[in-house]
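The block underneath contains the structure these notes are about, expressed in structure tokens.
Read the figures in this text as sums done on the coordinates, not as results from a lab. These figures come from a predicted structure and were not determined experimentally. So basically every Cβ, Gly included, is an ideal-geometry build from the backbone, and we count neighbours across all protein chains shown.
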Amino acid sequence: MTDQPTPPPQAILDMLPDDGDGPVFQEPWQARIFALISTMYMDGRYAWDDFKDLLIDEIQSHGANDGMDYYERWLAAAERLVTAKGIAEDSDLAERKEHLAHHPPHPTTSEPGPIAVDPARKA
């Protein structure tokens, strides 16, 4: 656990591509990796600068000039972080990637706006 204060959520959101109305995620996995890494930080599993430094290194070393691979770099930095912190082993990540390559998750869609919940139905 870290003893560093949690930055305000806006500090985390400021790192993301934004369309003026908020963060932009082109694929559901992008939002999930963002949420996972942010939650791990807010739970005190690592210092924010640890991840930020890895992300900067990923972008400088492997990033596309147009920035279109930002979330791929975020994912690569996340993988490096969880292995460096002993949260997961390289072999665990490789095994999970192999499984996902052969069993991709079902596509999901979402629409911006309020969520409506149907009333309970009697069986």
Exercise for the section: Find out how many positive minus negative residues lie around Lys97, taking Lys and Arg as positive, Asp and Glu as negative, among other residues whose Cβ is under 12 Å from that of Lys97. Expected result: -4
Fill in the blank from the handout: When the charge dipole of region 9-90 is computed with +1 at the Cβ of Lys and Arg and -1 at the Cβ of Asp and Glu, the Cα pointing farthest to the positive end, of Gly20, Ala76, Ile87, is that of Ile87
Completion exercise
Answer in debye to the nearest 20: the dipole magnitude of region 9-90 about its Cα centre, from +1 Lys/Arg and -1 Asp/Glu charges placed on Cβ, is 280
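Just rank His62, His102, fewest to most, by other beta-carbon atoms within 10 angstrom.
Values: His62 11, His102 7.
The order, fewest Cβ neighbours first, is His102, His62.
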Practice task
Using a Förster distance of 25 angstrom, determine the FRET efficiency expected from the C-beta separation of Ala64 and Arg32, and round it to 0.05.
Solution key: 0.75
Completion exercise
P(r) of region 9-90 over all Cα-Cα pairs, 5 Å bins starting at 0, rounded to whole percent, reads 3, 14, 26, 27, 19, 8, 2, 0
